[in-house]
There are 2 protein chains.
Amino acid sequence: MSTFATFNPPPRLLMGPGPINADPRVLRAMSAQLIGQFDPAMTQAMNDTMALYRAVFATVNEATFLIDGTARAGIEAALVSLIEPGDTVLIPVFGRFGHLLREIAERCDATVEICEVPWGQVVDPAMVEEAIRRTRPKLVATVQGDTSTTMCQPLADLGRLCREQDVLLYADVTASLGGNTFEADAWHVDAVSAGLQKCLAGPSGSAPVTFSPRAVEVITRRKSIEAGLLADGETTAATRIRSNYFDVAMLLDYWGERRLNHHTEATSMLYAARECARIIVEDGLDETIERHRLHGEAMLAGVLGLGLAVFGDVSHKMNNVVGVHIPEGVDGDRARGELLEQFGIEIGTSFGPLHGKIWRIGTMGYNARTDAVLTTLAALEQVLRRNGHPTPQGGGIDAALEVYGSTAS
Amino acid sequence: MSTFATFNPPPRLLMGPGPINADPRVLRAMSAQLIGQFDPAMTQAMNDTMALYRAVFATVNEATFLIDGTARAGIEAALVSLIEPGDTVLIPVFGRFGHLLREIAERCDATVEICEVPWGQVVDPAMVEEAIRRTRPKLVATVQGDTSTTMCQPLADLGRLCREQDVLLYADVTASLGGNTFEADAWHVDAVSAGLQKCLAGPSGSAPVTFSPRAVEVITRRKSIEAGLLADGETTAATRIRSNYFDVAMLLDYWGERRLNHHTEATSMLYAARECARIIVEDGLDETIERHRLHGEAMLAGVLGLGLAVFGDVSHKMNNVVGVHIPEGVDGDRARGELLEQFGIEIGTSFGPLHGKIWRIGTMGYNARTDAVLTTLAALEQVLRRNGHPTPQGGGIDAALEVYGSTAS
């Protein structure tokens, strides 16, 4: 076959709902040479990574480590390890990713119960409480921030009532972690999974997870028993974790002191994950969330200053992404295409009921920065104008700069 | 918590059974900035990667792409997508990774049949043929190269007889691909998975896979049907693929022209995987295999020249790894530790029945190089001497150099 050139990606400012541009420090961390899987320097890097993510998740859980895959791999590892066929799982659904949790739980042969609200709202804890009393689930599984709607589900009340009712709580915090307050221990969240490609400023491909001692107990009870150790007629099939790759009980023996060989750790992604958390701990977790709040507020003010309408219940919006109604008469995909081709700036389209109606604009991770916000607003003004929707000149920029404390020009 | 320093891995020459040092070109490819998931440049990079791996797998299969996880993720994706509960799967076992296939197939609730030979041998196709006739499997699943024993299973006969018997053939080629001849189409292998961290000279964390049209047909028949489309009482539960993350039917819609959103592609690992294959295609696949043959032969000659005994049926050894009996009186782990601490060179220990008896020395990917072979042999000579096992001075070096065509000094 003909040979290919080295891939040289075009310069892009990624202001969609993620993935976003990686922090250059993360890219540099990934360019380090590999070392062996059980090299003392490698196991130390794994231990460092566990400690760093305990800080990021606000937990003391020993069982804090990485799943070698994308954020979706972290979700599946948590659910397939916790759910036994026939278990009842209650899922609050307020966007696309609630449906994903439902889909994965169904493949685990759970009996799935749903609390659903329209896109753009969050779920009232009273609704979840009623459903818990009615359905007696083993597990409540929810996302914190659902990028499909930009909403951020409050979790403290959910955690409290799950603990009172002796129900496990899982949360997917991929879209929200690092950009919005999340406290695994204080909120009683028993299982959590994330990804690097949103507020953590890394590439997709590694999924930090944490499990409370309660969750670990449920999972390790399902540990595989080797065939030779079973009594006549005894079987473990009913409860055995169905996946080897996502078997959290085995992964705990790999990341833990026993260091039992499992997969070959994805070394470069470990380097990336470690650096993502290292930067947050160095900058301070509270300071990182505050940075997302500030730039998210500036972007929100900016799109309102351009006269655009914002989607959903803004009081429950994630800091790091805003949904914007595509103005009447503007072809959303054409405008997005022009932003990308002419300015090198990517903003997001939407899924399902919001497709063609809403753009999603992110300010997260490395791109939660003043210059990224202002450049995006300036370009958006021009693209809207050329697509037949003139806006007040500089209306977005002035509004954003006011949030940053500058006097309007 | 206290802050951590940037991770700075120590310099290591990784001469074990993998992972090995990544080609610096692959590390550079990974340091490129991210782009959006549906950016035209991104989908082009995905299409390039599919084309490049078709060349590496020697196939015209349209269904050639990456699983976002380690080599083990590729195995599980293939097996969970092909195997329905109750299917019979026949597994030739000649080392640790055959047992892994068995374990994963069991978790898929397959009826697993085994053809087992002692470690250090390969499986006679006649034995597989007899077992196929007796057990009538849907699938034969085997590894090509099993690093636990260094053996390379011949696959051409297996492929022919599986095709004759209308049985699907899956092969895990993680350890062998790029260093030993493999021809997916010519050998009738219907499903194949690999990893980057061996002869492909990349980091662990991406699993190239390919599926024949026959395999794709079996998999797409299991495509999930949404609840609303089922007739009353109808169910898809019996055949639905149990994993969302590893659902190859869905992944084909993501990598194919429909570009249906699934996971967020692990962009940096895509860059790595593309570059690994690009280098092989640039250098030539045959030339790459020949390079592995040459340096593998030099290492084999070298360890024999040091008076060490080699493990297993050398006529079926993979080019890229050799098993060496740890000499009587030498503490294998202590000697390995000295090689690592004093010389920065890593060689491999062994698993299961070979633990404490065999070292495994690799010559693969970026480390299939003359200087890597000679440096390892020179250091090994010194470590053996200081561990009470003197060898002929320069015996390893002279034997290796003879393979390279130099006159012994």
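Bear in mind these aren't lab numbers, they're just calculated from the coordinates by the rules spelled out. Values in this document were obtained by computation on a predicted structure and should not be read as measured data. Positions of Cβ are generated from backbone atoms using ideal geometry, with glycine treated the same way; all protein chains shown enter the neighbour counts.
At a glance:
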{"quantity": "Theoretical FRET efficiency, 1/(1+(r/R0)^6), r = Cβ-Cβ of B:His325 and B:Arg258, R0 60 Å, to 0.05", "calculated": "0.65"}
{"quantity": "Approximate spin-label separation A:Arg221-B:Arg385, in nm, with each point projected 7 Å along Cα-to-Cβ", "calculated": "6.1 nm"}
{"quantity": "Gyration tensor verdict on the range B:84-157 (Cα atoms; rounded if a/c is under 1.5, prolate if a/b is larger than b/c, oblate otherwise)", "calculated": "oblate"}
{"quantity": "Shape of the range A:119-193, Cα gyration tensor, a/c cut at 1.5", "calculated": "oblate"}
{"quantity": "Cβ-Cβ FRET estimate between B:Gln165 and B:Thr43, R0 fixed at 60 Å, reported to 0.05", "calculated": "0.95"}
{"quantity": "Residues whose placed amide H lies under 5 Å from that of A:Ala175, excluding near-sequence neighbours", "calculated": "A:Gly145"}
{"quantity": "Selected from A:Leu100, A:Leu196, A:Leu52 as most flexible by GNM, with chain A as the system and alpha-carbon contacts under 10 Å", "calculated": "A:Leu100"}
{"quantity": "Sequence-distant residues sharing a close amide H with A:Glu113 (under 5 Å, placed H)", "calculated": "A:Val89, A:Leu90, A:Ile91"}
{"quantity": "Antiparallel %, DSSP beta bridges [both residues in the range A:16-281], to 5", "calculated": "35 percent"}
{"quantity": "Given charges at beta-carbon only (K, R positive; D, E negative), |dipole| of chain A in Debye", "calculated": "520 debye"}
{"quantity": "Per-copy distances of the B:Asp371 label point, shortest first, in nm (7 angstrom along Cα→Cβ)", "calculated": "3.8"}
{"quantity": "Proportion of all alpha-carbon pairs of chain A beyond 34 Å (%)", "calculated": "33 percent"}
{"quantity": "Ranking of B:Leu161, A:Leu169, A:Leu306 by count of other Cβ atoms within 10 Å, fewest first", "calculated": "B:Leu161, A:Leu306, A:Leu169"}
{"quantity": "Tensor-based shape of the protein assembly as shown (alpha-carbon gyration tensor, a/c under 1.5 rounded, otherwise prolate or oblate)", "calculated": "prolate"}
{"quantity": "Gaussian network model of chain B, Cα within-10 Å springs - most flexible of B:Ala194, B:Ala45, B:Ala273", "calculated": "B:Ala45"}
{"quantity": "Highest-MSF residue in chain A out of A:Glu275, A:Glu62, A:Glu341 [GNM, Cα springs under 10 Å]", "calculated": "A:Glu341"}
{"quantity": "Which of B:Trp359, B:Trp187 has the fewest Cβ neighbours within 10 Å, and the rest in rising order", "calculated": "B:Trp187, B:Trp359"}
{"quantity": "Helical mean residue ellipticity (222 nm; -39500 (n - 2.57) per DSSP H run of 4+; nearest 500) of chain A", "calculated": "-12500 deg cm²/dmol"}
{"quantity": "Order of B:Ile35, B:Ile397 under a 10 Å beta carbon neighbour criterion, fewest first", "calculated": "B:Ile397, B:Ile35"}
{"quantity": "9 Å beta-carbon shell around B:Pro125, net charge (K/R +1, D/E -1)", "calculated": "-2"}
{"quantity": "Across the identical copies, how the B:Asp124 labels are spaced - nm, sorted shortest first, 7 Å along Cα→Cβ", "calculated": "7.5"}
{"quantity": "Other copies of B:Asp283: label-to-label distances in nm, shortest first, labels 7 Å along the beta-carbon direction", "calculated": "3.9"}
{"quantity": "Violating pairs (Cα-Cα greater than 26 angstrom) within the set B:Lys198/B:Lys357; A:Lys317/B:Lys223; A:Lys223/B:Lys223; A:Lys138/A:Lys317; A:Lys198/A:Lys317; B:Lys317/B:Lys357", "calculated": "A:Lys317/B:Lys223; A:Lys223/B:Lys223; A:Lys138/A:Lys317"}
